[in-house]
Amino acid sequence: MRLLAIESSCDETAAAIVENGRTVLSSVINSQVEEHRQYGGVVPEIASRRHTENIIAVTQKALDDAGMTLGEVDGIAVTYAPGLIGAVLVGVNFAKGLALSTGKPLVPVHHIRGHIAANYIAHPDLKPPFLCLVVSGGHSHLIEVLDYTKFRIIGRTRDDAAGEAFDKAARAMGFPYPGGVFLDKASHNGNPAAYKLPRPRVEGSPYDFSFSGLKTAVVNLLHNASQKGETVNTDDLAASFQNAVVEILTDRTVKAAQEFGYETVVIAGGVSANSGLRSRMEKECQKHGWKLYQPPLSLCGDNAAMIGAQGFYEFEAGHLAGMDLNGIASLPIDVNYGE
Ligand code: KG4
Ligand code: ZN
């Protein structure tokens, strides 16, 4: 089965053709990051407009690159939640138009489920059940992936998502948006023990995360230094911050794997590109004799191939939408379409 997949939930307009959830025949991503950078973050109204302008050309290129016509695809998969609502709606309405005009099935896909499914593309042997740490710009979750469309949330962030914390701390340190990747690069030249930063815990919820206190500690440290006329070594601060976030994420994941008896651990989402997180997770999983799956860097960020991968399993489970499909800004991962 070959699905045409559409993704427009944030600032990437993307389309892909994916066969049987595992093989990518084409994947096109049009990123707006350069335009949003001048504002220090994604401007929702601009994102929606650019999606509207680009979605036809991006989709046509995905079809051309796969050597296919619209008539040859077996269904249309689209991100319907969660995301910036105006941006999500561009993809949803475009996909509905394609489904209506071709008579093909319309498959609604949860964006975070897509991030997890990026791993199915990269790792043909990966099958549920497994434990997954999903860390992106908008989400930080520890999830039991019980089956392809069955999820149980074990832990979540109480405030900022991991990517959001990276971006806010990076901004305070003077890196351009989105700062996560710049902070990651700088951390390679720094000493992770140079600055003492907190490791916030959520009382009574051992698998939940809280990053806002950590971000505030960085902002305060920079502020105090500037008031005293002291210089801060940005590489050291970046390394110390990254070390703290990675320690928090890995600590919760290892505890959850032990408690719930998982020997297969998966990471997903934009922050799974972080070099510190990847190497620390590798080390921990090796130590415990667990198998670790991580997406290749090309599939960590937003793309439509991952939506096509998850779309296949949603289709198999019979999760299809009609012309009443609507975009949803916020939706837990464990809710199936129509439930
Ligand atoms: O999954 P994603 O592309 O979009 C959402 O669904 O949110 O994640 C984007 C997030 C941004 O916050 C970005 O700074 C972060 O992932 N990110 C990183 C790295 N690469 C991307 N954070 C830390 N280190 C990285 N290397
Ligand atoms: Zn994403």
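The values are calculated or read from the model by the stated rules, or taken from the named source; none is laboratory data. Quick caveat, the model's predicted, so the values are computed rather than measured. Here the Cβ is made from the backbone with ideal geometry for all residues, glycine too, and neighbour counts use every protein chain on show. The protein model used for the area step is the full one, side chains on, heavy atoms only, and it has no ligands, DNA or RNA in it. Shrake-Rupley method; radii C 1.70, N 1.55, O 1.52, S 1.80 Å.
Structure notes:
- Residue match in region 47-60 (condition: within 21 Å of PHE315 (Cβ to Cβ) and not polar (S, T, N, Q)): no
- Residue check, MET281 open to solvent by 60 Å² or more (accessible area, probe 1.4 Å) and at pLDDT 95 or above: no
- The numbered conditions (1) within 14 Å of ligand 2 (Cβ to nearest atom); (2) over 30 Å from GLY97 (Cβ atoms); (3) out of contact with any strand residue (DSSP E or B) (no Cβ under 7 Å at 6 or more places or on another chain); (4) open to solvent by less than 10 Å² (accessible area, probe 1.4 Å) are all true for ALA170 except (1).
- Close pairs from region 60-83: first over 30 Å from ASP334 (Cα atoms) and among the charged types (D, E, K, R), partner surrounded by 15 or more Cβ atoms within 10 Å (Cβ to Cβ) and at pLDDT 95 or above, Cβ under 7 Å, at least 6 apart: LYS61/VAL28; ASP65/SER26; ASP65/VAL28
- Among the residues examined, VAL245 does not qualify as under 30 Å from GLY318 (Cβ atoms), touching a helix residue (DSSP H, G or I) at 6+ places or on another chain (Cβ under 9 Å), open to solvent by less than 20 Å² (accessible area, probe 1.4 Å) and touching a residue at least 24 places away in the same chain (Cβ under 8 Å).
- Condition met for GLY174 (within 16 Å of ligand 1 (Cβ to nearest atom), touching a helix residue (DSSP H, G or I) at 6+ places or on another chain (Cβ under 8 Å) and part of a helix (DSSP H, G or I)): no
- Restricting region 252-278 to residues that are closer than 11 Å to LEU133 by Cα and over 19 Å from the mean Cα position of the chain (by Cα), the residue that is most open to solvent (accessible area, probe 1.4 Å) is VAL254.
- For GLY40, the criteria (1) open to solvent by 20 Å² or more (accessible area, probe 1.4 Å); (2) modelled with pLDDT of 95 or more hold in every case but one, which is (2).
- Residues considered: GLY327, GLY308. Of these, the only one that is outside any helix (DSSP H, G or I), open to solvent by less than 50 Å² (accessible area, probe 1.4 Å) and not hydrophobic (A, V, I, L, M, F, W, C) is GLY327.
- Residue within region 187-197 that is assigned to a loop (DSSP other than H, G, I, E, B) and closer than 19 Å to GLU284 by Cα present: yes
- Flag if GLY155 is surrounded by fewer than 23 Cβ atoms within 10 Å (Cβ to Cβ), touching a residue at least 60 places away in the same chain (Cβ under 8 Å) and either in a strand (DSSP E or B) or in contact with a strand residue (DSSP E or B) (Cβ under 9 Å, 6 or more places away or on another chain) (or both): yes
- Scanning region 2-18 for residues that are within 13 Å of ligand 1 (Cβ to nearest atom), part of a strand (DSSP E or B) and closer than 14 Å to ASN93 by Cα gives a single hit, GLU7.
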